Amino acid sequence: MPILNPIEQGSKARERDAPELLAGALRDACLEHYDPAVHAFHYARFPESPEFAALRAAARALADFDCGTLVIGRRLPFWLNVYNALVLHAVAARRADAGVRSVGDFFSASQYMVGGHVFSLDEIEHGMLRVNAPRLRVGAKPMRRDDPRQKLAPYMFDERVHFAMYSACRASPAPAAYVPGSLEADLEAATCAYLGRTVRVEEASAKLVVPKMFDWYAVDFGGERGALEFVTARLQLPEDLDAVDRCGSRLRLQFAEFDWTLNSA
């Protein structure tokens, strides 16, 4: 699979402004083509739109961008935007009309050049946003200790990134662009919105039904107890809070199946 944003000769101003260009293009694409009311993206019209053209131009600016210039507080929103933009770009470019799982190597071979280094979606998620954590519960880390790309990762891990990464399917969090100034509030809002859409309390069986990522990435949340605390602290409906109180220590997690169907409008 070719890199979706090959290096081109461009202006230094464009390269310097790459993070802002990407955030703006991603924001405009989501505003114009994503319907949050039904969690659906207009993939059919996106490839021919000016928003897609702007996203591709912003992606090209990433190729030569010096990521080492990003200071604390700017790296996490930057890599979230790179990930979300690459997902949208790859769905269109690789014609994943039947869903991302129909393209067997969607996450491992959909790639951007960023700062002269090649990154796949898997490498951005696990190598950068999860700070070089194994994709599965056991296994090798995605990047070796001497991999120069590790120096470009965010300085700390925030488990809420799982609810800010878009995976182009019905079970995915919403696509969005993130900026440094409002990152904390936006991450918390994205997390609460996704949990509000996907979590339910089954009081009769004392089960808290949660998204599958709490099973896949249990270590990121401190195991079952940590996940329970993470979710229950963000429940909004009074009836859910009351049900959790009545279940008490009997409450256990149940993991919902992950629906990989393309969330096409």
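The values are calculated or read from the model by the stated rules, or taken from the named source; none is laboratory data. All values derive from a computational prediction rather than experimental measurement. No Cβ is skipped: glycine too gets one built from the backbone with ideal geometry, and neighbour counts run over all protein chains shown.
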Which of the numbered conditions does D97 fail, given that it passes all the others? Conditions: (1) surrounded by fewer than 20 Cβ atoms within 10 Å (Cβ to Cβ); (2) touching a strand residue (DSSP E or B) at 6+ places or on another chain (Cβ under 7 Å); (3) part of a loop (DSSP other than H, G, I, E, B). (2)
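Inside the range 208-231, can you point out the residues that are of a type outside the set (D, E, K, R), within 22 Å of the chain's Cα centre (by Cα) and buried (at least 18 other Cβ atoms within 10 Å of the Cβ)? Spell out how you get there, then give the answer.
The initial filter retains those residues of the range 208-231 that are of a type outside the set (D, E, K, R), namely 208-211, 213-214, 216-219, 221-223, 226-228, 230-231.
Subset that is within 22 Å of the chain's Cα centre (by Cα): 209-211, 213-214, 216-219, 221-223, 226-228, 230-231.
Correct list: V210, P211, M213, F214, Y217, F221, A227, L228, F230, V231.
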Any residue at all in the range 143-158 that's touching a strand residue (DSSP E or B) at 6+ places or on another chain (Cβ under 8 Å), surrounded by 16 or more Cβ atoms within 10 Å (Cβ to Cβ) and within 26 Å of T69 (Cα to Cα)? yes
Identify the single condition in (1) of a type in the set (G, A, S); (2) surrounded by 20 or more Cβ atoms within 10 Å (Cβ to Cβ); (3) out of contact with any Leu (no Cβ under 8 Å at 6 or more places or on another chain) that G139 does not satisfy, given that it satisfies every other one. (2)
Going by the conditions given, is P77 in contact (Cβ under 8 Å) with a residue 60 or more places away in the chain and under 14 Å from V114 (Cα atoms)? no
Every pair of residues 6+ apart whose Cβ atoms lie under 6 Å, when the first sits in the range 244-263 and is under 12 Å from T232 (Cβ atoms) while the second is assigned to a loop (DSSP other than H, G, I, E, B): C247/A206; L251/A206
Tell me which residues, restricted to the range 229-246, are in a helix (DSSP H, G or I) and among the basic types (K, R). R246
Of the residues that make up the range 130-148, is at least one within 20 Å of L22 (Cβ to Cβ), of a type outside the set (F, W, Y) and assigned by TED's automatic domain parsing to the domain that holds A57? no
Here is a check on your reading of the model: is L152 over 14 Å from the mean Cα position of the chain (by Cα), assigned by TED's automatic domain parsing to the domain that holds L26 and of a type outside the set (F, W, Y)? yes
List the residue pairs whose Cβ atoms are under 7 Å apart, where the first residue sits in the range 89-102 and is free of Cβ contacts under 8 Å to residues at least 60 places away in the same chain, the second is surrounded by 13 or more Cβ atoms within 10 Å (Cβ to Cβ) and of a type in the set (A, V, I, L, M), and the two are 6 or more positions apart or on different chains. S102/A96
Search the range 219-240 for residues that are under 16 Å from D158 (Cβ atoms) and pair each with any residue that is of a type in the set (D, E) when their beta-carbon atoms are under 7 Å apart and the residues are at least 6 apart or on different chains. D220/E159; F221/E159
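Give the residue, chosen from R234, R246, that is basic (K, R), more than 21 Å from the chain's Cα centre (by Cα) and more than 30 Å from G68 (Cβ to Cβ). Explain how you work it out, then say what you get.
Numbers: R234 fails: more than 21 Å from the chain's Cα centre (by Cα).
Matching residue, one of R234, R246: R246.
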Scan the range 59-71 and give yes if some residue there is farther than 26 Å from M156 by Cα and not hydroxyl-bearing (S, T, Y), otherwise no. yes
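Looking at S182, S249, can you tell me which residue is out of contact with any Phe, Trp or Tyr (no Cβ under 9 Å at 6 or more places or on another chain), assigned to a helix (DSSP H, G or I), modelled with pLDDT of 95 or more and loosely packed, with under 14 Cβ neighbours inside 10 Å?
On the way: S249 fails: modelled with pLDDT of 95 or more.
Checking each option against the conditions leaves just S182.
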Specify the residue that is modelled with the highest pLDDT; the eligible residues are those in the range 12-68 that are touching a strand residue (DSSP E or B) at 6+ places or on another chain (Cβ under 6 Å) and part of a loop (DSSP other than H, G, I, E, B). Y43
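Can you name the residue in the range 142-165 that is in a loop (DSSP other than H, G, I, E, B) and touching a Leu at 6+ places or on another chain (Cβ under 9 Å) and is also nearest to C192 (Cα to Cα) among such residues? Give the derivation first.
Quick first cut of the range 142-165, residues in a loop (DSSP other than H, G, I, E, B) only: 142-147, 153-158, 164-165.
Still in the running and touching a Leu at 6+ places or on another chain (Cβ under 9 Å): 153-158, 164-165.
Working: A153: 25, P154: 22, Y155: 24, M156: 21, F157: 18, D158: 15, A164: 11, M165: 14 Å.
Here the answer is A164.
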